[in-house]
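The values are calculated or read from the model by the stated rules, or taken from the named source; none is laboratory data. Just so it is clear, the model here is predicted, and its values are computed rather than measured. Because the Cβ atoms are built from the backbone with ideal geometry, glycine has one as well, and the counts that use them run over all protein chains shown.
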Amino acid sequence: MRGAASSAWRWIAAPLAVGVLLRALVALLPVEPAWDGVLYLRAAEQLAAGEGYTLRMLRPDAAPLPTAFYPVGYPAFLALLVGAGLSGAALRLAQALVASLSVLGAGLLGRRLAGRRAGRAAAWLMALHPGSVLLAAGYLAEPVFAAALGLLLAFATYRRRRRALTPLALPLGALALVRPVSAIVAVLLPALAAVHRRSLRGAVAAGLGAAALVTVALAPWMARNAAALGSPVAIATNGGFNLLLGTVGLGGYGELPAEVDCPRGEIGLVSAAHFEAAKDRCRSRRALRRIAGDPLGALLRGAVKLGDTFGHESSPARHLAAALGAPEDGTPAIAGSALCTVFLVVLYGLAWRGRPHHVAPRTRLLLLVPLLSTALLHGLVLGGDRYHLAVVPCLAALAGAGLLGGRRAPAPP
């Protein structure tokens, strides 16, 4: 029995081992936290020390007031590792091991899509994906999120019951504390499945049911924010900031101009503890007014943001350079960005070739809805190539089928 079980997983053993090895090698480099990773690790250390999620994660000299400025899920994950005594290379290795599970998720998705050979090809593509490998050393959420999302979607492909997509909203809702896009995935999956069955009423019911489960998953965090910040913030109080910044220039990351931001008088008289949530609400209102005042500009800017999100892949190489203390615009970082972008274009080409017109609608949705959700979110808020890394397992699954010419294997997976 044990031998049979071992043989059943042999198809993915080699790519999984290579994926672990490559990510472990990068995690052993002498990197330091960079970009948002500085804040995430600081928050994790404070959580592990029992301090809670406070403004000191943003500025060590700040008052220890509660905050919800960044999603708490990834720092909480890091806090578990820090609390277990891990630090430095050991902490990065633990993250790399978790991130390597994206290879398993991509392989299972590809196998369900087009058979064992496609699953093996998808696993290899995910194992060798340069962006995921280079980012494995960083204290950023995308590699861990990609692994969790890929495994959840793979699990869902093996659930036969039609209504099994709605309960999936509960874990996807919890995962939204790591990356908010999974909340959109949670609602769209069952709703679009009902649309495919030509049931508009069913789509509304499924969407509302999934939204309710997402709310249940986020309820403890929302209750904490209602008590601490005076507002039941669902995920983070930088949603309004990101939405408003997405209306400036080309909608990429940068400084928010003072003339665009909320003045103190517009926020109103609130306590220091409630100021953060009130300011974010003000920014959201300003962003919506700017979008409504120039809908064509917002639409065109959204197209640019989608190009920035899906059109290239430079963040992994630039982040690794920054983490190693090297210039982000130096030759090694540029070479790494070129490699990542070429690999991404190949993935797109193979994914198009393997587009799953011949598979069950549910499997098609499970692969395409995360890509659509990412486009919806980052076409509206900030664009950035780092964000598509969260859904690379879906691309790899489609690309694995593309390597077989889009043909499904004669035997079921």
Study note, to complete from the structure: G297 meets each of (1) under 30 Å from T215 (Cβ atoms); (2) modelled with pLDDT of 90 or more; (3) of a type in the set (G, A, S) with one exception, condition (1)
Exercise for review: State whether one or more residues within segment 174-193 are of a type outside the set (A, V, I, L, M, F, W, C) and farther than 21 Å from A79 by Cβ.
Suggested key: yes
Practice item. Return yes or no: is L192 in a helix (DSSP H, G or I), in contact (Cβ under 8 Å) with a residue 24 or more places away in the chain and more than 20 Å from L108 (Cβ to Cβ)? Key: yes
Practice item. Could you please let me know if A323 is in contact with a Lys or Arg (Cβ under 9 Å, 6 or more places away or on another chain) and crowded, with 20+ Cβ neighbours inside 10 Å? Key: no
Review point. What is the residue count in segment 57-80 for residues that are part of a helix (DSSP H, G or I) and surrounded by 19 or more Cβ atoms within 10 Å (Cβ to Cβ)?
Key: 7
Practice item. Output the residue which, of all residues in segment 267-284 that are not in a helix (DSSP H, G or I) and not small (G, A, S), is nearest to T67 (Cα to Cα). Key: V270
Check your understanding: So which residues in segment 316-328 are in a helix (DSSP H, G or I) and closer than 11 Å to A34 by Cβ, if there are any at all?
Key -> R318, H319, L320, A321, A322, A323
Practice item. Kindly indicate the residue of segment 220-248 that is among the polar types (S, T, N, Q) and part of a helix (DSSP H, G or I) and also surrounded by the most Cβ atoms within 10 Å (Cβ to Cβ) among those meeting that condition. Key: N225
Revision key, fill the gap. Of the listed residues (P130, P75, P71), the one being free of Cβ contacts under 8 Å to residues at least 40 places away in the same chain and within 19 Å of the chain's Cα centre (by Cα) is P75
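Yes/no per residue for (1) modelled with pLDDT of 95 or more; (2) farther than 24 Å from G173 by Cα; (3) in contact with a Gly (Cβ under 8 Å, 6 or more places away or on another chain); (4) of a type in the set (V, I, T):
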| residue | (1), (2), (3), (4) |
| --- | --- |
| S315 | yes, yes, yes, no |
| G325 | no, yes, no, no |
| L339 | yes, yes, no, no |
| L344 | yes, yes, yes, no |
| A351 | no, yes, yes, no |
| L380 | no, no, yes, no |
Exercise for review: Within segment 94-104, identify whether any single residue is at pLDDT below 90 and surrounded by 22 or more Cβ atoms within 10 Å (Cβ to Cβ), and answer yes or no.
Suggested key: no
Review point. In segment 44-56, how many residues are assigned to a helix (DSSP H, G or I) and of a type outside the set (S, T, N, Q)?
Key: 6
Point to revise | Qualifying residues in segment 1-47 (those that are at pLDDT 90 or above and among the charged types (D, E, K, R)) - the one nearest to the chain's Cα centre (by Cα) | key: D36
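Would you mind stating whether A278 is among the small types (G, A, S), closer than 26 Å to L58 by Cα and surrounded by fewer than 16 Cβ atoms within 10 Å (Cβ to Cβ)?
Working: among the small types (G, A, S): yes; closer than 26 Å to L58 by Cα: yes; surrounded by fewer than 16 Cβ atoms within 10 Å (Cβ to Cβ): no.
No.
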Practice item. Confirm whether L41 is in contact with a Pro (Cβ under 7 Å, 6 or more places away or on another chain) and in a helix (DSSP H, G or I). Key: yes
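Residue check: is V187 in contact (Cβ under 8 Å) with a residue 24 or more places away in the chain, in a helix (DSSP H, G or I) and over 15 Å from C394 (Cβ atoms)?
Values: in contact (Cβ under 8 Å) with a residue 24 or more places away in the chain: yes; in a helix (DSSP H, G or I): yes; over 15 Å from C394 (Cβ atoms): yes.
Here the answer is yes, as V187 does meet what is asked.
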Exercise for review: Of all residues in segment 387-413, count the ones that are surrounded by fewer than 23 Cβ atoms within 10 Å (Cβ to Cβ) and modelled with pLDDT of 65 or more.
Suggested key: 4
